[in-house]
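Asker: Pasting in a structure now, in structure tokens, and then I'll have a few things to ask.
The values are calculated or read from the model by the stated rules, or taken from the named source; none is laboratory data. Small disclaimer: the values here were computed from a predicted structure and weren't measured. Every residue, glycine as well, gets a Cβ built from its backbone with ideal geometry; the counts of neighbours run over all protein chains shown. The accessibility values were calculated without ligands, DNA or RNA, using every heavy atom of the protein model including side chains. Shrake-Rupley method; radii C 1.70, N 1.55, O 1.52, S 1.80 Å.
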Amino acid sequence: MQKKWKDTITKRKNFLKLCPVDNSDSQMVYYRDQVVANLDSECTIPALNKRVEKQIIRVEKVCAVVGDNGCATFKEINIYGFRVNPNLPRSCALLASSAYTDYRLKYTCNKQFYDEVSWNRGYTLKEVSKNIYFTLKESEREQGSKLIPVSQSEFYKLPQEERKITQNYNAFGGYITQYNKIVVSFYQKTPIKKDCWIND
């Protein structure tokens, strides 16, 4: 094995030049000298769809150390998004550029990054009304709960199972007590497409 990839490329080019080729066919010469000689990785549809790209989509500030008067230290957490990489690796780009291959690679997804929770479960959630929820197919439904801020007086009028108190730390090291009502929420599930690459 050569220590450097460029040495491998050079030897491969020299070997391929031993093959009889009609030099008047510029596309065949290009295929031999520029495409085949420079292939350095697998290029299949399954391999392309397994190339997941990761990128920071937002930064959240959370409390790291709680002191007597609230949050003593904050830290920033990177929130990552994921998608099937829409950029062709070098070998695929080379093969797709040749008239002597049947590589007509096409990316069919929307290039959106999805948060880690959505990506791992395979679908996103969109909140909908109760009426719309019950018109959806069973496979498209998901119920959850959310918190609605209410006044302290309203809070204590609620049944115990509908109450939740949260504390939100502010940038000055203190915190604010928030009274919330727990309500049922209705969601529509939308699958995340992960078979983005096709050979058109």
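Asker: I'd like to check something: does segment 69-81 contain any residue that is at pLDDT 85 or above, of a type in the set (G, A, S) and closer than 25 Å to V117 by Cβ?
Answerer: There is at least one residue in segment 69-81 that is at pLDDT 85 or above, of a type in the set (G, A, S) and closer than 25 Å to V117 by Cβ.
Asker: Contact list please: Cβ distance under 9 Å, first residue in segment 98-124 and on the phi > 0 side of the Ramachandran plot and modelled with pLDDT of 95 or more, second residue open to solvent by 90 Å² or more (accessible area, probe 1.4 Å) and not in a loop (DSSP other than H, G, I, E, B), pairs at least six apart or on different chains.
Answerer: From segment 98-124, the pairs are G122/P191.
Asker: Scan segment 94-111 for residues that are surrounded by 11 or more Cβ atoms within 10 Å (Cβ to Cβ), in contact with a strand residue (DSSP E or B) (Cβ under 9 Å, 6 or more places away or on another chain) and assigned to a loop (DSSP other than H, G, I, E, B) and jot them down.
Answerer: Y103, T108, C109, K111
Asker: OK, next. Criterion first (under 10 Å from the mean Cα position of the chain (by Cα) and either under 20 Å from D195 (Cβ atoms) or among the hydrophobic types (A, V, I, L, M, F, W, C) (or both)) does Y114 satisfy it?
Answerer: yes
Asker: Right, another one. Looking at F82 and the list (1) under 10 Å from the mean Cα position of the chain (by Cα); (2) loosely packed, with under 10 Cβ neighbours inside 10 Å, which single condition is not satisfied?
Answerer: Every condition holds for F82 apart from (2).
Asker: Something else now. Could you grab me the full set of residues in segment 118-157 that are open to solvent by 90 Å² or more (accessible area, probe 1.4 Å), closer than 30 Å to T177 by Cα and either part of a loop (DSSP other than H, G, I, E, B) or β-branched (V, I, T) (or both)?
Answerer: Of everything in segment 118-157, those that are open to solvent by 90 Å² or more (accessible area, probe 1.4 Å), closer than 30 Å to T177 by Cα and either part of a loop (DSSP other than H, G, I, E, B) or β-branched (V, I, T) (or both) turn out to be Y156, K157.
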